[in-house]
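Nothing in this text is a laboratory measurement; each read-out follows from the coordinates by a stated rule. From a predicted model like this one, the values you see are computed outputs, not experimental measurements. Cβ atoms come from the backbone with ideal geometry, glycine included; neighbour counts cover every protein chain shown.
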Amino acid sequence: MRQAIRHLDVRARTRGLFDFTSEVAAFVHDTSIETGILTVFCRHTSASLLIQENADPSVQRDIERYFAQLAPEDIKRYEHDTEGPDDMPAHLRTALTQVQLSVPVEHGRMTLGTWQGIYLFEHRARPQTRDIVLHLIGE
């Protein structure tokens, strides 16, 4: 059994979904691990991870609009606003999604479906660089 770990810096220009599947695929390829399980972990409380459709960008826009309705920016609505009006809505969005993904690896490649990509779901309005940890264990 072998293991490999890498940190990725994923840059988000603003709130929304940012595809970083190719960077994760490059890591898997570089490890030469043929069969295993990949963990993708976001080390932040105001951003999350999604496996989502990568063919039609309207999917990402619709997801963002949906979450804007679920956790809107409204300074009267929340007590916590240490980093501004998007602070607490960002934490709520993270709580409703996930900060960790597991993806099987087979024949040295992630087993994502045809239209699936790995996305950073940035919940803050201003630019951010997020630390994403990749861990692959297998043979």
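Here are the numbers for this structure:
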item	result
Val133-Ser22 pseudo-label distance in nm [points 7 Å out on the Cα-to-Cβ vector]	2.7 nm
Segment 54-105 - Kirkwood radius from inverse mean 1/r over Cα pairs (Å)	12.7 Å
Under 13 Å, Cβ to Cβ, from Gln52 - net charge with Lys/Arg +1 and Asp/Glu -1	-4
Value at 222 nm in deg cm²/dmol, rounded to 500, when DSSP H runs of n ≥ 4 in the chain each add -39,500 (n - 2.57)	-8000 deg cm²/dmol
Of Pro72, Thr35, Ile132, farthest towards positive along the dipole that unit charges on Lys, Arg, Asp, Glu beta carbons give the chain	Pro72
Largest-first ellipsoid semi-axes for segment 6-56, taking √(5λ) over the Cα gyration tensor eigenvalues, angstrom	22, 14, 11
Residues Arg124, Arg65, sorted so that the one with the fewest Cβ neighbours within 10 Å comes first	Arg65, Arg124
Segment 27-91 - percent relative contact order, Cα under 8 Å, separation 6 or more	30 percent
Helix 21-31 vs. the chain, principal-axis angle (Cα, 0 to 90°, nearest 10)	30 degrees
Alpha-carbon Rg/Rh ratio, for segment 2-138, with Rh computed the Kirkwood way	1.01
Net charge dipole size for the chain [Lys, Arg +1 and Asp, Glu -1 on Cβ; Debye, nearest 20]	140 debye
Principal-axis tilt of helix 57-70 within the chain, Cα atoms, nearest 10 degrees	50 degrees
Per-residue Cβ neighbour rank within 10 angstrom, fewest leading, Glu106, Glu64, Glu139	Glu139, Glu106, Glu64
Residues Tyr66, Tyr119, sorted so that the one with the fewest Cβ neighbours within 10 Å comes first	Tyr66, Tyr119
Length-normalised contact order of segment 2-138 in % [C-alpha pairs under 8 Å, at least 6 apart]	55 percent
